[in-house]
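Report on the structure given below.
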Amino acid sequence: MHEGGHGILHNHGTSDRNTLRTICGKFAVPAILLLLIVLSAVQNWSIIQGHLLNSSELTTVQEESLRRWFEFELAVIPMLLGGALIAYTTLVSMIEKRQITAGLLVVIALFASALTEEYLAGAIAAFIMISGEFLEELTLAKTRSAVKALIELVPETAWLFQDKKWVQVPLHQVKLSDLILVKSGERVPVDGEIVSGRATIDESTLTGESMPVDKTVSNMVFAGTINQDGAVEVKVSQTGHHTAIGRIIDIVYQAQENKGQTQRVADKFAQYFTPLIIVVATIVWFLTNGSVTKVTAVLLIACPCALVLATPTAVVASVGNAAKRGVLVKGGIVIEAAGQIDTICFDKTGTLTHGKPEIVAFESFGLTTEEEILQLALSAEIRSEHPIAKAITAYAQQEGVQPVEIHHFEQVFGVGVKATLGQDLQVWVGNWRLLAQGAIEVHPLAEKFLQQQESVGRTALLVVKNKLILGGIAVADTVREDAAEMVANLRQSGIQDIVMLTGDNQATANAIAEQVGIETVQAQLLPTEKLDYIRQLQSQNRTVAMVGDGVNDAPALMLSDVGIAMGAAGADAAIESAGIVLMGNDLRLLNHIIGLSRQSLILIKQNIIGFAVGMNILGIMLAGSGILNPIMAAVMHNISSAFVVINSSRLLGFDKTS
């Protein structure tokens with residue numbers, strides 16, 4: 001196994017490529033059972049039998065064939081098919097869990113149905129049981145393609161210095177201490193130290209930091225990050241799964257493997273319910289002098305079909321409600337956990353903020369007009385590919401300002417840009433390091449502007465014309481318009497512990513937190529440190545939700561009790577690792593989905609206690625006394641299942657978006 005490129009995870013095995021085929025295969029079973037049940041019901045319709053058998057158009061051979069058709073109990077087939085599947089899965093489950101499950105009662109009921117020749121009743125019970133389990137499995141199905149998105153961040157090739165020239169080679173050929181070249185626009189393939197050159201590196205996929213970082217000799221670069229501008233020669237220090245992105249992939253896998261499977265509600269209850277019903281059926285046997293019919297009726301009415309449907313129907317309704325509002329919820333386990341959330345952790349960049357730099361302050365120092373300052377800044381920055389330059393360009397064009405022709409452009413690493421306009425008109429746009437440039441006259445308002453903007457975590461730039469500082473521009477990642485409202489709504493819903501976890505600096509984090517109303521801030525965190533903080537909260541018996549969008553958030557999304565990803569602008573890995581995905585950018589939907597989950601838990605309890613258990617107790621009493629025969633018992637337990645579906649469907653109309 002090699003450790004470079006997309007071989008980074010061969011040791012973890014491959015993801016399931018047959019998910020769609022598996023789901024289709026499992027859907028076919030209840031579909032076939034339903035078809036056979038319908039045919040058996042038609043077969044037993046006496047009006048049809050009489051019409052066909054008495055038809056004068058039939059020949060003797062045709063009449064004999066029809067008679068054989070109606071004499072054969074077609075319901076035996078779906079009962080046997082469904083019964084065999086239920087018996088197999090029940091046996092496997094009981095061996096693996098070493099406990100009695102809900103399926104055992106169904107197996108006994110089906111066996112009793114066969115003894116009393118109540119085949120249609122048994123077939124219906126088997127169909128409902130299998131359909132309920134299929135719905136649950138379908139809603140709980142969780143994609144495992146998170147790792148694929150992470151791996152795709154790492155390029156498959158690298159420019160290797162070999163035989164005194166640069167050669168593009170497969171990444172697995174790159175070894176420790178090799179020298180590689182990373183050109184502008186390319187992703188960094190390995191972790192390593194810059195030995196030559198300068199570059200502007202976008203590390204947002206790794207650290208979540210929205211602003212690119214200027215790097216030069218002796219600085220470290222990391223696999224999966226993007227070189228936005230410049231070129232660097234890098235000495236390789238880590239490859240494959242030893243890189244920072246590789247370790248994140250390992251963490252995602254571990255979190256997936258450690259994510260415990262919540263036991264089905266029906267099976268939990270069946271530990272006590274199933275043995276009790278067997279005892280009750282035995283008592284009925286003795287009290288009725290061995291009446292198999294009454295015992296069969298008791299077993300059929302006590303079949304936990306409503307119990308099996310209680311959770312998945314509520315889950316399906318909840319998922320449908322959320323989907324209509326652009327929220328993807330990945331199953332019942334997520335619904336259950338989301339309904340119990342008491343602590344929410346937010347990543348900053350791309351979650352509470354837009355995730356890209358924008359102009360947030362613009363000031364003239366009194367030497368010229370704001371329009372001229374903006375025109376000079378636009379003219380100097382328009383040729384640059386730096387994200388800050390793009391922000392200035394977009395802002396100036398929005399204000400209707402047009403650039404003037406420039407004769408010379410130079411990007412000064414770590415400082416800013418310099419341009420020559422017209423007859424020896426020199427313009428600088430850069431950070432505080434401009435003040436160290438020779439002969440630039442320091443303006444008291446400039447120093448004040450720099451101090452004010454940088455104290456709140458913004459990037460402050462000065463615009464200089466022929467060594468005179470004309471004005472200042474501040475750039476920052478801006479807060480989403482609905483973030484503050486969302487935080488207020490969460491507090492009103494009873495969630496008081498709201499935390500910001502970010503890799504950004506403390507000043508920027510505090511400024512953003514103050515704007516949105518978050519009091520607890522944990523800044524300058526690495527991805528592993530975010531995990532440590534979440535573990536600390538969970539150790540205090542908290543139910544923790546993590547909301548994020550970057551690749552660096554994927555481990556935290558998996559580790560948290562409920563991972564919530566921003567879908568529209570979010571990284572694929574975060575989306576796949578999360579249990580809940582906001583396909584749009586409306587953070588206010590968080591309040592809706594938490595309220596929906598809480599209501600789902602309430603209805604699931606109603607389904608279990610009222611319709612599943614309550615009606616079972618009433619039905620058992622009626623069946624044991626002989627009032628209900630096996631067919632009536634099967635109908636009654638189907639009615640309880642219908643009530644469960646109707647009750648769950650109320651979730652489709654739930655609305656808490658305000």
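A few points about this structure:
- Scanning the stretch 435-477 for residues that are crowded, with 16+ Cβ neighbours inside 10 Å and in a loop (DSSP other than H, G, I, E, B) returns Ile440, His443, Val456, Gly457, Arg458.
- Meets criteria (open to solvent by 10 Å² or more (accessible area, probe 1.4 Å), at pLDDT below 90, within 21 Å of Ala578 (Cα to Cα) and not aromatic (Phe, Trp, Tyr)) for Ile151: yes
- Hey, Phe611 farther than 30 Å from Phe222 by Cα, surrounded by fewer than 23 Cβ atoms within 10 Å (Cβ to Cβ) and at pLDDT 80 or above or not: no
- Subset tally (residues that are touching a helix residue (DSSP H, G or I) at 6+ places or on another chain (Cβ under 9 Å) and either in a helix (DSSP H, G or I) or among the acidic types (Asp, Glu) (or both)) for the stretch 489-510: 8
- Among the residues of the stretch 200-243, those that are modelled with pLDDT of 75 or more and among the hydrophobic types (A, V, I, L, M, F, W, C) comprise Ile201, Val213, Val217, Met220, Val221, Phe222, Ala223, Ile226, Ala231, Val232, Val234, Val236.
- Ala361 being under 23 Å from Ala484 (Cβ atoms) and out of contact with any Phe, Trp or Tyr (no Cβ under 6 Å at 6 or more places or on another chain): yes
- Number of residues in the stretch 318-349 that are within 19 Å of Gln536 (Cβ to Cβ), within 15 Å of the chain's Cα centre (by Cα) and charged (D, E, K, R): the value is 1.
- Qualifying residue in the stretch 501-520 (condition: closer than 26 Å to Ile594 by Cα, polar (S, T, N, Q) and open to solvent by 50 Å² or more (accessible area, probe 1.4 Å)): yes
- Top-ranked residue of the stretch 244-275 - restricted to ones that are closer than 22 Å to Glu96 by Cα and modelled with pLDDT of 60 or more, ranked as surrounded by the fewest Cβ atoms within 10 Å (Cβ to Cβ): Tyr272
- Test: residue in the stretch 386-400 that is among the aliphatic types (A, V, I, L, M) and within 21 Å of Val442 (Cβ to Cβ): no
- Among residues of the stretch 407-429 that are over 23 Å from Ile201 (Cβ atoms), those with a Cβ under 6 angstrom from a residue that is in a strand (DSSP E or B) and charged (D, E, K, R), sequence gap 6+ or separate chain, pair up as Val427/Lys465; Trp428/Lys418.
- For the stretch 348-423, the strands (runs of 3 or more DSSP E) that sit wholly inside it and include 3 or more residues that are open to solvent by 50 Å² or more (accessible area, probe 1.4 Å) and over 30 Å from Glu519 (Cβ atoms) are 406-412.
- Tabulated pairs, the stretch 80-96, first without any contact (Cβ under 8 Å) to a residue 12 or more places away in the chain, second among the β-branched types (Val, Ile, Thr), C-beta under 8 angstrom, 6+ apart or interchain: Met94/Ile100; Met94/Thr101
- Qualifying residues in the stretch 609-657 (those that are in contact (Cβ under 8 Å) with a residue 12 or more places away in the chain and of a type in the set (Ser, Thr, Tyr)) - the one farthest from Ser113 (Cα to Cα): Thr657
- Test: residue in the stretch 535-557 that is free of Cβ contacts under 8 Å to residues at least 60 places away in the same chain, open to solvent by less than 10 Å² (accessible area, probe 1.4 Å) and out of contact with any Cys (no Cβ under 9 Å at 6 or more places or on another chain): yes
- Among the residues of the stretch 369-408, those identified as hydroxyl-bearing (Ser, Thr, Tyr) and closer than 17 Å to Leu470 by Cβ are Thr369, Ser379, Tyr395.
- Residue in the stretch 278-307 that is nearest to Ser640 (Cα to Cα), counting only those that are open to solvent by less than 60 Å² (accessible area, probe 1.4 Å) and hydroxyl-bearing (Ser, Thr, Tyr): Thr296
- Of all residues making up the stretch 97-112, the number that are in contact (Cβ under 8 Å) with a residue 12 or more places away in the chain, part of a loop (DSSP other than H, G, I, E, B) and surrounded by fewer than 16 Cβ atoms within 10 Å (Cβ to Cβ): 1
- Test: residue in the stretch 490-502 that is touching a residue at least 40 places away in the same chain (Cβ under 8 Å), among the charged types (D, E, K, R) and closer than 17 Å to Asp347 by Cα: yes
- Annotation for the stretch 584-591: no member residue is open to solvent by 40 Å² or more (accessible area, probe 1.4 Å), out of contact with any Ser or Thr (no Cβ under 6 Å at 6 or more places or on another chain) and assigned to a helix (DSSP H, G or I).
- Count of the stretch 127-136 residues which are over 18 Å from Leu91 (Cβ atoms) and modelled with pLDDT under 75: 6
- Any hit, the stretch 113-126, residues being assigned to a helix (DSSP H, G or I), at pLDDT below 80 and under 33 Å from the mean Cα position of the chain (by Cα): no
- Any pair with Cβ under 6 angstrom, 6 or more apart, that starts in the stretch 233-250 at a residue that is closer than 21 Å to Leu179 by Cβ and ends at one that is of a type outside the set (A, V, I, L, M, F, W, C) and modelled with pLDDT under 75: Thr239/Glu3; Thr239/Gly4; Gly240/Glu3; Gly240/Gly4
- Scoring Asp655 on the criteria (1) open to solvent by 60 Å² or more (accessible area, probe 1.4 Å); (2) farther than 29 Å from Ala322 by Cβ; (3) not in a helix (DSSP H, G or I) leaves a single failure, condition (2).
The values are calculated or read from the model by the stated rules, or taken from the named source; none is laboratory data. Worth saying up front: this structure is predicted, and the values here are computed from it rather than measured. Cβ atoms come from the backbone with ideal geometry, glycine included; neighbour counts cover every protein chain shown. Surface accessibility is based on the protein's heavy atoms, side chains included, excluding ligands, DNA and RNA. Shrake-Rupley method; radii C 1.70, N 1.55, O 1.52, S 1.80 Å.
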